[in-house]
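Just so you know, all these numbers are worked out from the coordinates, no wet-lab data involved. Remember, predicted model here, so these are calculated numbers, not experimental data. As a convention, Cβ positions derive from the backbone with ideal geometry for all residues, glycine included, and neighbour counts pool all protein chains shown.
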Amino acid sequence: MQCLQEALVSEAEGISEITTCEQLDDYAFSTHPKCFIDNGICTLPPSDLEEVVKIIGIKTMLGSWNAIKVEAETTAGCWALYLFLVSQGV
């Protein structure tokens with residue numbers, strides 16, 4: 001949560017180029033994959049991922065194009081991490 005909040009500081013302070021609610025919505029969603037990946041979602045055990053899905057809810061996860069993009073980009077980022085770790089023999 002802190003990462004997501006920090007990503008929006010310039011917007012909250014009014015010093016960004018964002019001028020519409022739609023732009024803010026798009027930008028806010030675009031920060032999610034990096035925050036999720038940088039904070040360990042890729043290394044959570046399946047039981048914890050199941051809890052994340054329960055907390056967020058399927059309706060929310062599939063409720064908008066931005067949400068679907070977040071899931072796709074996060075999944076792609078996790079696969080990139082997994083492939084890197086395998087290439088390093090981890």
Those residues of the range 55-90 which are among the polar types (S, T, N, Q) and not in a helix (DSSP H, G or I), in sequence order: Ser64, Gln88
Flag for Ile58 being touching a residue at least 24 places away in the same chain (Cβ under 8 Å) and of a type in the set (Val, Ile, Thr): no
Matching residues in the range 1-60 - criterion: being farther than 28 Å from Val86 by Cβ and of a type in the set (D, E, K, R): Glu6, Glu11, Glu13, Glu17, Glu22, Asp25, Asp26, Lys54, Lys59
